[in-house]
Amino acid sequence: MTSPVPSPADQVAADQLIVALDGMDGTQALSFAERIPELRWVKVGLELFTAAGPAVIAELRDRGLRVFLDLKFHDIPATMAGACRSAARLGAELITVHACAGGDALAAAQAGATLAAEQAGLPQPTLLAVTVLTSWDAARFAAELAIEEPLTTYVPRLAELAVAAGLGGCVCSPLEVEALRRRYPVPFALVTPGIRPAGAAAGDQQRVWSPAEAIAAGSSQLVIGRPITAAEDPAAAFAQCCRQLAAAAGQGSAAVMPDLH
């Protein structure tokens, strides 16, 4: 089965999709990326980075791909600053840090990434504060972490820490996107995992929406893994997601994507 030739609208939609290369080693990731000619963005997470190391980022970038480095740094300010300096030097354009590390650590991380990119002559990366992982549901979040504050107010509290520290965006579930977008307009980035196209299994995600729903609510970009990477024809699955987003844009519901360099 071959995927159709993408329309201009599909090509725009491709910039809104970040394919998560989870569960792969370096060779598998590079081979997979070549199977989707329209691919623009890939996510390098803990699994791939641990298996392949920093070199995989350079190899993906050499193939014209833009990299979302999703290592979710969470440590003391000095360590987060150093980690983000290293990530920026690798050419990652999106980098995740945990908002619950606190304002000082977030500000240090932003300063480290900004300085390193300037020194290396690379585009400024956008640091994304992770609010609450999409694998949590509200009841278990309260029971296991003893945080009684509802997610509807806890997530914006963490997002405000990111804004105050000068970060360029947040990672949040689809269910929080609309409220955050009302509060933080473009160019603030809202990157959304937990996306499942129609008919796809939810897997270990608890708070999920379709691509079109998430973009309509205000997401900047969407992270999609297994519905594309585990598909019999990944290129066709990717093209289907692009068509869904293009159709939503044609109906006037798609959000404007921030300039991420």
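Each residue of region 88-100 was assigned a 3J(HN,Hα) from its phi angle through the Karplus curve 6.51 cos²θ - 1.76 cosθ + 1.60 (θ = phi - 60°); the sequence is 5, 5, 6, x, 5, 9, 10, 9, 9, 9, 7, 4, 6 Hz, with glycine and proline shown as x.
Placing unit charges on the Cβ atoms of the charged side chains and taking the dipole of region 1-159 about its Cα centre, the candidate lying farthest along the positive direction among A142, T27, H98 is T27. Across region 66-73, computed HN-Hα scalar couplings (Karplus, 6.51 cos²θ - 1.76 cosθ + 1.60, θ = phi - 60°) run 9, 10, 9, 8, 10, 9, 6, 4 Hz from first to last residue, x flagging Gly and Pro.
If I compute solvent accessible area with a 1.4 Å probe over the protein chains, what percent of it on region 20-70 is carbon and sulfur? The C+S portion of the solvent-accessible surface of region 20-70 is 47 percent. In this structure the chain gives 43 Å² per residue of accessible area when probed at 1.4 Å with all protein chains present. Each Lys and Arg contributes +1 and each Asp and Glu -1, all at the Cβ; summed about the Cα centre of region 3-119, the dipole is approximately 120 debye.
The C-alpha radius of gyration of the chain, expressed as a fraction of 2.2 N^0.38 Å, stands at 0.96.
I57 sits among other residues whose Cβ lies under 12 Å from its own Cβ, and their net charge, with Lys and Arg +1 and Asp and Glu -1, is +1. Carbon-plus-sulfur fraction of the accessible area of region 101-154, 1.4 Å probe, in percent? Ligands and nucleic acids excluded, carbon and sulfur give 59 percent.
Diffusion coefficient of region 1-151 by Stokes-Einstein, Kirkwood radius over Cα pairs, 4 °C, 1.567 mPa s: 77 µm²/s.
The values are calculated or read from the model by the stated rules, or taken from the named source; none is laboratory data. These numbers were taken from a predicted model, which means no experiment stands behind them. Glycine gets a Cβ as well: all are built from the backbone with ideal geometry, and neighbour counts include every protein chain shown. Quick note on the areas: whole protein, heavy atoms, side chains included, nothing else; ligands and nucleic acids left out. Shrake-Rupley method; radii C 1.70, N 1.55, O 1.52, S 1.80 Å.
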